[in-house]
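The values are calculated or read from the model by the stated rules, or taken from the named source; none is laboratory data. These figures come from a predicted structure and were not determined experimentally. Here the Cβ is made from the backbone with ideal geometry for all residues, glycine too, and neighbour counts use every protein chain on show. Note: accessible area is taken over every heavy atom of the protein model, side chains too, but ligands, DNA and RNA are not part of it. Shrake-Rupley method; radii C 1.70, N 1.55, O 1.52, S 1.80 Å.
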Amino acid sequence: MKRRAKLLAFALAAVMCLTACGGGAGSKNESGSGDENKSAGLTDLYTFETANREMENVFILNTEMANDLNVLCNTNEGLLETNNKGQLVPAIAEKWGTEDGGLTWTFNLRKGVKWVDQQGNEKADCTAQDFITGLEWVMNFHKNGANNTSMPTDMIKGAGEYYEYTKGLSAEEGMALGTEKFLEMVGIEAPDDYTLIYHCVKNAPYFDTVCTSACLFPVSAKFIEEVGVENVLSTGIEGLWYNGAYTLTEYIQNNSKTLTKNPLYWDTECGRFETVTIKIVEDLSVGYQLYETGELDHIDLSEANLRTIYDDENNKFHDQLSEKLPRKYSYQFHFNYDKHFADGSADENWNKAVANEAFRQAWYYGLDLTKYWARTNFIAPTHCENNAYTMKGLLYFSDGTEYTKKVEELIGLPESDGTTPRRLDTEKAAEFKKQAMEELSAQGVTFPVTVNYYIVSGAQNALDTANVLKQIFSECLGDDFVTLEIGTYTSSQTKEVVKPRLQSFVINGWGADYGDVQNYLGQETIGEDTAYYANNYSNINDATNEALRATYQEFTDLVNKADAINDDMDARYNAYAEAEAYMLQHALTVPAQLEVSWQLTHVNDYSRSNAMFGIMNYKYKNWETSVDAYTTEQTAKFAEEYNK
């Protein structure tokens, strides 16, 4: 038991780093660069993805899928990247900034960045013109569809208008466009080959964080000319041009991918592997077997494998268990306010119930999700506790206070005791349950209210997790109040469940595309086309309960008020925190969890990019590694040092 207690203590020490670091444009890379930080131990890296996360697209401008971007962030280089503290640092842009509060952004590019072919042979210089060509491609409907258009449309002057202009052209006319008309309409310019200027629609002091997303990546006009504009999207890895840390030298779908070090990469002092091999594994259990035989250098652990290792102090991996840093996603219970039955008719019983604030607040205060978190992290389940909508670690006030701490302060969340969920309040939950049952019974609602929750058919792990949720609902809210019914879909939750509006709720995570709260709260506002969750999951725009709609409108007004503040970032974040606190106090959504799981690894996770926005966290650059697997004790020391 002493060894297990020690293991838990290491986990507790490691999790302290989650809110200990800040960020700032132009900050120095904390992991540094140079020989002292090059990947020590492993010359070649063998990593993995599960079969459901195989990449589908190799042209970075044409995809928004993490499955693709986790690979392509290594083969393509943008203006900026992020370091191990999640801070912006130079990439192709050596210097950058704004002199008017975020309305105009100037990037000074480094010379000597090369485009190469798959074998690393030089093709051309990468210049400011390539970023213009790249953005034209993104915003041209006939070249790129609607992929990666949302952020440029929202932020860059004229980008949305150009998209609509191209949409009105014939396919032949759209594909024939160069950059002349684009430059007339869109707020981007290159005074010379190494200066790039963006003009924003509004003051956007966070615009530089967008530079770590694929929408602003470059492409060479010479590459397009070489392969033909009509062939760009179908060009395979052999014909692509690369300007990133690696080239993609092998891609066997549903089997493996190989990245090979780019010999002409601009950052000659950084640490890179000779090759990175990404193996596709059927599931984590198969991956664990490959790790055991030395064919993988790290593996995430399923609950079953974690329990096997943790419960046996003589297991060879027992002292190598390592708790991971959280992924950048904040998971919520997303309610459906316009639920339908399979025949298309409205589920009035549910719709009336979920529109009642006391009904939702009973969930908010009453659900003890400890057993649910244990499905991800049974050693320290409260490390998965989530009490905000925005992901912790995304933003910091000027005094270093992490943004979600302010949200927690506003909602009066108690301090953690390490074991009890912080918002759990059984007395409040009982009061709200009683109130809801009285108010809703008077409206004709029958109890228990049926709650429909869907999982993919045939997935045992998903079924086991759903049954845990069902037990939690029964124990915490009572079978006289709600009954969770588990349904299944065959292949597509979106097509089979969400679009026909069959679900009572989904548990989904959101990860930021850029470093601002608007990217989170803006997904939930009423009456706005850009609000992803409002339009695709909550269906709040079709809800008929006036009190509910008024609450959503008040929340939306608070979000828009915050978004209008661009000259004082502390004031902006304070205003967003008030909007987020309002959302939580009215239980418009209910925070569910963070992803903090366990692994066995030869990689020091504290040395790799740990950003809460953008696509850089899978960039295999400046990773510290070891021929021998890291121990739990070593990982705790990494966490302690990182926390400083």
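A few comments on the model shown:
- Qualifying residue in segment 365-373 (condition: out of contact with any strand residue (DSSP E or B) (no Cβ under 6 Å at 6 or more places or on another chain), among the hydrophobic types (A, V, I, L, M, F, W, C), farther than 30 Å from Tyr620 by Cβ and open to solvent by less than 20 Å² (accessible area, probe 1.4 Å)): yes
- Pairs, first within 21 Å of Asn377 (Cα to Cα) in segment 406-423, second among the acidic types (Asp, Glu), C-beta under 7 Å, six or more apart: Pro421/Asp368; Pro421/Glu385; Arg422/Glu385
- Unmet criterion (only one of (1) more than 19 Å from Ile60 (Cα to Cα); (2) of a type in the set (D, E, K, R); (3) open to solvent by 40 Å² or more (accessible area, probe 1.4 Å)) for Glu250: (1)
- Those strands (runs of 3 or more DSSP E) of segment 225-330 in which 1 or more residues are of a type in the set (Lys, Arg) occupy 256-261, 275-281.
- Segment 260-302, subset more than 30 Å from Glu94 (Cβ to Cβ) and out of contact with any strand residue (DSSP E or B) (no Cβ under 7 Å at 6 or more places or on another chain), residue surrounded by the fewest Cβ atoms within 10 Å (Cβ to Cβ): Thr293
- Of the set (1) at pLDDT 95 or above; (2) over 30 Å from Val497 (Cβ atoms); (3) crowded, with 21+ Cβ neighbours inside 10 Å; (4) in contact with a strand residue (DSSP E or B) (Cβ under 7 Å, 6 or more places away or on another chain), all apply to Gln320 but (3).
- Residue in segment 545-559 that is nearest to the chain's Cα centre (by Cα), counting only those that are open to solvent by 10 Å² or more (accessible area, probe 1.4 Å) and in contact (Cβ under 8 Å) with a residue 60 or more places away in the chain: Thr551
- Qualifying positions in segment 303-317 - open to solvent by 80 Å² or more (accessible area, probe 1.4 Å) and among the β-branched types (Val, Ile, Thr): Thr308
- Residue count for segment 414-429 satisfying the condition of being in a loop (DSSP other than H, G, I, E, B), over 25 Å from the mean Cα position of the chain (by Cα) and surrounded by fewer than 17 Cβ atoms within 10 Å (Cβ to Cβ): 8.
- Listed conditions (1) in a helix (DSSP H, G or I); (2) at pLDDT 95 or above; (3) farther than 30 Å from Phe273 by Cα are all met by Gln634, apart from (3).
- Looking across segment 375-413 at every residue that is assigned to a loop (DSSP other than H, G, I, E, B) and of a type in the set (D, E, K, R), the one that is modelled with the lowest pLDDT is identified as Arg375.
- Residues located in segment 455-468, provided they are open to solvent by 50 Å² or more (accessible area, probe 1.4 Å) and in contact with a Phe, Trp or Tyr (Cβ under 7 Å, 6 or more places away or on another chain): Ser457
- For segment 519-538, the tally of residues that are open to solvent by 30 Å² or more (accessible area, probe 1.4 Å) and either modelled with pLDDT of 90 or more or of a type in the set (Asp, Glu) (or both) stands at 5.
- Cβ-Cβ distances below 8 Å connect the following pairs, each with a first residue in segment 446-464 that is in a strand (DSSP E or B), a second residue that is exposed (fewer than 14 other Cβ atoms within 10 Å of the Cβ), and a separation of six or more residues or different chains: Thr450/Glu485; Val451/Glu485; Asn452/Glu485; Tyr453/Glu485; Val456/Thr490; Val456/Ser491.
- Of the residues making up segment 43-68, those that are crowded, with 22+ Cβ neighbours inside 10 Å and closer than 13 Å to Phe217 by Cβ are Ile60, Leu61.
- Filtered residue count, segment 168-210, keeping only those that are touching a residue at least 60 places away in the same chain (Cβ under 8 Å) and either open to solvent by 20 Å² or more (accessible area, probe 1.4 Å) or among the basic types (Lys, Arg) (or both): 10
- Here Ala571, Ala577, Ala592, Ala564 are screened, and the one residue that is in contact with a helix residue (DSSP H, G or I) (Cβ under 7 Å, 6 or more places away or on another chain) and either small (Gly, Ala, Ser) or modelled with pLDDT of 95 or more (or both) is Ala577.
- Every test in (1) over 27 Å from the mean Cα position of the chain (by Cα); (2) surrounded by fewer than 20 Cβ atoms within 10 Å (Cβ to Cβ); (3) not aromatic (Phe, Trp, Tyr) is passed by Thr127 save one, and that test is (2).
- Positions within segment 469-485 being crowded, with 16+ Cβ neighbours inside 10 Å and either assigned to a strand (DSSP E or B) or in contact (Cβ under 8 Å) with a residue 40 or more places away in the chain (or both), in sequence order: Leu469, Ile472, Phe473, Cys476, Leu477, Gly478, Phe481, Val482, Thr483, Leu484
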